[in-house]
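The values are calculated or read from the model by the stated rules, or taken from the named source; none is laboratory data. In this text, all values refer to a predicted model and were calculated from it rather than measured experimentally. Because the Cβ atoms are built from the backbone with ideal geometry, glycine has one as well, and the counts that use them run over all protein chains shown.
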Amino acid sequence: MQNPDQTKKRADGAPSPLVGEGNRLSVPQHLRVHIHGWLLLLPAAVLLVAFTYYPAVRTIFDSLFSTPRGVRGAVFVGMDNYAAMLADPVFVRALVNNFVYAACVIPLTIALALSMALWVDGRIAGRPFLRLSFFTPTVLPMIAVANIWLFFYAPGYGLLDQILGLFGFSAHNWLGDQHTALACLIAVAIWKDAGFFMIFYLAALQQISPQLAEAAALEGASRWYFFRRVTFPLLMPTTLFVLVNAIINSFRLVDHIVVMTQGGPDNATALLLFYIYEVGFKFWDTAYAATLTVVLLTLLAVFALGQFLILDRRIHYQ
Amino acid sequence: MRIGAIVGRALAIAGTVAALSFAFAAAGSAAAKDIALTFYYPISVGGPIPKIIDGYVAAFEKENPGVTIKPIYAGAYDDALIKTLTAFKSGTSPDIAVLLTTDLFTLIDQNVIEPIGPLLKTAADRAWLASFYPVFMDNSRADGQTWSIPFQRSTILVYWNKAAFAAAGLDPDKAPSTWDDMVADGQKLTRRDAGGQVSQWGIEIPSTSGPQWMLQGMTLANNVRLANQAGTQTYFDKPAVIEALQFWVDLSRKYRIEPPGTIGWGTTPQDFFERKTAMMWQSSGNLTNVRTNAGFPFGVGMVPAHSTRGSPTGGGNFYLFKNMTAEQRDAALKFVEWMTTPERAADWSIATGYIAVRPDAWQTPAMQKYLAGFPDAAVARDELRYAAAELSTHDDARVGKALDDNIQAALIGAKTSAQAMKDAQAQAARILRPYQ
């Protein structure tokens, strides 16, 4: 590869940029391009710094201090907050809950979204209504959804118990039992997000050229083989996008917990962000809330890096 | 002369500027005569609360020209506290707010509220402070000062379905008055088929959204307090507390008259309306809701007694915030006094279902007329004789969570009652160490 400066020198016959007159003109122009570029970036950069980088750095900084209370100011405590966090059973419970929650919600939501998209992509009767009904949960606010599901789960007369009652099952206190409460919240999250992700899959499916299906049919490929070797790989960019969003949502969306269980019974449904909210805005222990937030930030950063560094390379973009 | 003309023009300009600035100053001082106050209030019961509050504020402003009050709905109690403290930290604090009585120590520790005592100037002011039910003032005092004024207060009531009582062969007009009675009645009221399916439970005591309040209905009946008055020490592991919790656990595990697991605060009234439970413990603030929605005759009674009778008070009080000028403070106090006159207290109680906070409010013609048509409204007031202050400590939310989590752990069978209360006490002691 040739140095662009050398190319330029040969092309216009001017002397090297380091010496001579040409330099005097090219530097300001060079600068002007830079200033222009930075000015274009400025609005986005200001917003990013103000709402993302500064809060993130400040959070890490605050996690090293004690919480100021009344007249007592914050003092530097080093890693004390982190040590307290590791010894905090509620934090450990919330973290484990959150991993279980994510491990269930993410794959199930994506699988459901993909199945629904494949179904309503086909030529079936009542397709617009199906699409609409699958998408409706997305339009509702999470608070409203949670209030509806609260009564689905009500023991005895709730929808779930009424349906199960037809098959002879006895009433169950779904949200009041530590073994079923988290699963109930997982079901709500899947129901809420699957329709949203379905829209992306539907859009991606409609981008796939019908010629591929025709060619596969000529070759005698089965529908499952065609899905596995053609459709699914071509949907991978969408899957990555959906995956990123699903992971973020599984750590970000806790509205239904506030409405349905407030983290109970005995922290069986406490998720990390919900616990951060409690510590920060109910206990007003801002330093400890910052410490917990650092954990959440680190987790999300690791996931994001993993996705973009590992998965992105394996994905075929058209 | 040119110079003279210039000087003349300069003087004219100077004069105009001076006149203008004088005018602005005058306008400024006129505005300063208007005292402006911000008032945050929460909503935790049904009914057109904002309309009622706006009406009160408008009437107060009419009677007190020169004072303007801006009422702001601040969400549920939790949200109202969060909004108030956040606003205070950003320098836009409300001047008056209605917050939970149990937020007292949190507000003192955050150094945001003003004690009421030093603001009282006349004998009438002092008489006003002494006019409330003494039990409502228990959550107002700390460090030798009074910090809050009772406004929307409640206590626990037992609601029972008279039709279900009659169907079970019980006296429909008599509520169980002791723990033993409650268990005996509950066993008759619980309808279980041959397969173990329950179509009607005897009782539901909600155990989400702060089960500690309901537990206090049992601990106070067992003659034990959960914390000291200074809010620096808790007694969760006392045998009488463990016994009270064990009673609650036994309702579902031993006597099988209550559904197992935790019971939602918000769904309990619905369960009662749907006849899934024949009795429920709920806030007296739900009286109007039950009266509107129960499709059957119902009764209202006091929390059953054990070694004694007792029930915790609950609800919200007025707090005054720091950073007010002397005039603002006087106006704020005047507003709080105006909001708690006997007539207003009666009116507020009738409109919302809260307990009118002073005895003389119950003697007003409006209240007498209301009671004649709805005698059940007086049960909560009569229960005040046996009531005590709700648990409130420093770092209240965190101590409360330690207790709530462990109550739930016992109710779902993850811990024994003794272990749960021992754990709660250990956690509370650790949290409260800095305040001792």
Would you check if there is a residue in the range B:42-61 being touching a strand residue (DSSP E or B) at 6+ places or on another chain (Cβ under 6 Å), buried (at least 19 other Cβ atoms within 10 Å of the Cβ) and within 14 Å of another protein chain (Cβ to nearest Cβ)?
no
Looking at the range B:188-207, which of the residues that are within 17 Å of B:Pro172 (Cβ to Cβ) and surrounded by fewer than 20 Cβ atoms within 10 Å (Cβ to Cβ) is farthest from the other protein chains (Cβ to nearest Cβ)?
B:Lys188
Of A:Val33, A:Val57, which residue is surrounded by 10 or more Cβ atoms within 10 Å (Cβ to Cβ), β-branched (Val, Ile, Thr), at pLDDT 90 or above and outside the structural domain of A:Leu300 (by TED's automatic domain parsing)?
A:Val57
Criterion violated by B:Phe165 - all others in (1) within 22 Å of B:Ser283 (Cα to Cα); (2) more than 13 Å from chain A (Cβ to nearest Cβ); (3) part of a loop (DSSP other than H, G, I, E, B) satisfied
(3)
For the range B:229-262, which residues satisfy the criterion of being of a type outside the set (A, V, I, L, M) and either outside any loop (DSSP other than H, G, I, E, B) or not assigned by TED's automatic domain parsing to the domain that holds B:His394 (or both)?
B:Thr234, B:Pro239, B:Glu243, B:Gln246, B:Phe247, B:Trp248, B:Asp250, B:Ser252, B:Arg253
Reported set for the range B:360-392 where residues are buried (at least 22 other Cβ atoms within 10 Å of the Cβ), in contact (Cβ under 8 Å) with a residue 24 or more places away in the chain and more than 30 Å from B:Leu107 (Cβ to Cβ) is B:Ala377
Give the residue, chosen from B:Gly46, B:Gly28, that is modelled with pLDDT under 90 and either of a type outside the set (Gly, Ala, Ser) or under 30 Å from B:Thr292 (Cα atoms) (or both).
B:Gly46
Cβ contacts < 6 Å: first residue among the aromatic types (Phe, Trp, Tyr), restricted to the range B:248-268; second residue part of a loop (DSSP other than H, G, I, E, B), any location; separation 6+ or different chain. Result?
B:Trp265/B:Pro206; B:Trp265/B:Thr208; B:Trp265/B:Ser209
When you check B:Val198 against the structure, is it of a type in the set (A, V, I, L, M, F, W, C) and at pLDDT below 95, yes or no?
yes
Among the residues of the range A:217-224, is any assigned to a helix (DSSP H, G or I) and buried (at least 17 other Cβ atoms within 10 Å of the Cβ)?
no
Which of the following residues is in the same structural domain as A:Ala111 (by TED's automatic domain parsing), touching a residue at least 60 places away in the same chain (Cβ under 8 Å) and out of contact with any Asp or Glu (no Cβ under 9 Å at 6 or more places or on another chain): A:Ile276, A:Ile247?
A:Ile247
What number of residues within the range B:62-77 are within 14 Å of another protein chain (Cβ to nearest Cβ) and out of contact with any helix residue (DSSP H, G or I) (no Cβ under 7 Å at 6 or more places or on another chain)?
2
Just one of A:Phe99, A:Phe135, A:Phe91 is surrounded by fewer than 17 Cβ atoms within 10 Å (Cβ to Cβ) and of a type in the set (A, V, I, L, M, F, W, C); which is it?
A:Phe99
Name the residues in the range A:286-303 that are loosely packed, with under 14 Cβ neighbours inside 10 Å and either of a type in the set (Ser, Thr, Tyr) or touching a helix residue (DSSP H, G or I) at 6+ places or on another chain (Cβ under 7 Å) (or both), would you?
A:Thr298
With respect to the numbered conditions (1) facing chain A (nearest Cβ under 9 Å); (2) buried (at least 22 other Cβ atoms within 10 Å of the Cβ), which one is the sole condition not fulfilled by B:Ala428?
(1)
Scanning the range A:71-88 for residues that are in a helix (DSSP H, G or I) and touching a residue at least 60 places away in the same chain (Cβ under 8 Å), the one surrounded by the most Cβ atoms within 10 Å (Cβ to Cβ) turns out to be A:Asn81
Among the residues in the range B:174-184, are any surrounded by 16 or more Cβ atoms within 10 Å (Cβ to Cβ) and either acidic (Asp, Glu) or within 14 Å of chain A (Cβ to nearest Cβ) (or both)?
no
Filter the range A:60-70 for residues that are surrounded by 13 or more Cβ atoms within 10 Å (Cβ to Cβ) and in contact with a helix residue (DSSP H, G or I) (Cβ under 7 Å, 6 or more places away or on another chain); which is modelled with the lowest pLDDT?
A:Arg69
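Results for (1) surrounded by fewer than 19 Cβ atoms within 10 Å (Cβ to Cβ); (2) within 30 Å of B:Ser417 (Cβ to Cβ); (3) more than 9 Å from chain B (Cβ to nearest Cβ), shown as yes or no for each residue.
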{"residue": "A:Phe227", "(1), (2), (3)": "yes, no, yes"}
{"residue": "A:Phe232", "(1), (2), (3)": "yes, no, yes"}
{"residue": "A:Met236", "(1), (2), (3)": "yes, no, yes"}
{"residue": "A:Leu240", "(1), (2), (3)": "yes, no, yes"}
{"residue": "A:Gly263", "(1), (2), (3)": "no, yes, no"}
{"residue": "A:Leu271", "(1), (2), (3)": "no, yes, yes"}
{"residue": "A:Phe274", "(1), (2), (3)": "no, yes, yes"}
{"residue": "A:Val279", "(1), (2), (3)": "no, yes, no"}
{"residue": "A:Trp284", "(1), (2), (3)": "no, no, no"}
Could you list, in sequence order, all residues of the range A:134-171 that are at the interface with chain B (Cβ under 9 Å from one of its Cβ atoms) and not in a loop (DSSP other than H, G, I, E, B)?
A:Asn147, A:Leu150, A:Phe151, A:Gly165
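Results for (1) crowded, with 20+ Cβ neighbours inside 10 Å; (2) within 14 Å of chain A (Cβ to nearest Cβ); (3) under 25 Å from B:Ile49 (Cα atoms), shown as yes or no for each residue.
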site	(1), (2), (3)
B:Thr92	no, no, yes
B:Leu100	yes, yes, yes
B:Ile108	no, yes, no
B:Pro118	no, no, no
B:Asp125	no, no, no
B:Pro134	no, no, no
B:Asn139	yes, no, yes
B:Ser148	yes, no, yes
Specify the residue that is nearest to the other protein chains (Cβ to nearest Cβ); the eligible residues are those in the range B:393-415 that are crowded, with 23+ Cβ neighbours inside 10 Å and over 30 Å from B:Leu107 (Cβ atoms).
B:Ile412
Those residues that are in contact (Cβ under 8 Å) with a residue 40 or more places away in the chain and of a type in the set (Lys, Arg), I need them from the range B:67-102; list them, please.
B:Lys83
How many residues, within the range B:360-378, are at pLDDT 95 or above and within 19 Å of the chain's Cα centre (by Cα)?
1
Please identify the pairs in which a residue from the range B:103-116 that is in contact (Cβ under 8 Å) with a residue 60 or more places away in the chain and under 12 Å from B:Ala142 (Cα atoms) has its Cβ atom under 6 Å from the Cβ atom of a residue that is in a helix (DSSP H, G or I) and small (Gly, Ala, Ser), counting only partners at least 6 apart or on another chain.
none
For the range A:162-181: of the residues being surrounded by 19 or more Cβ atoms within 10 Å (Cβ to Cβ) and either within 32 Å of the chain's Cα centre (by Cα) or β-branched (Val, Ile, Thr) (or both), which is modelled with the highest pLDDT?
A:Ala181
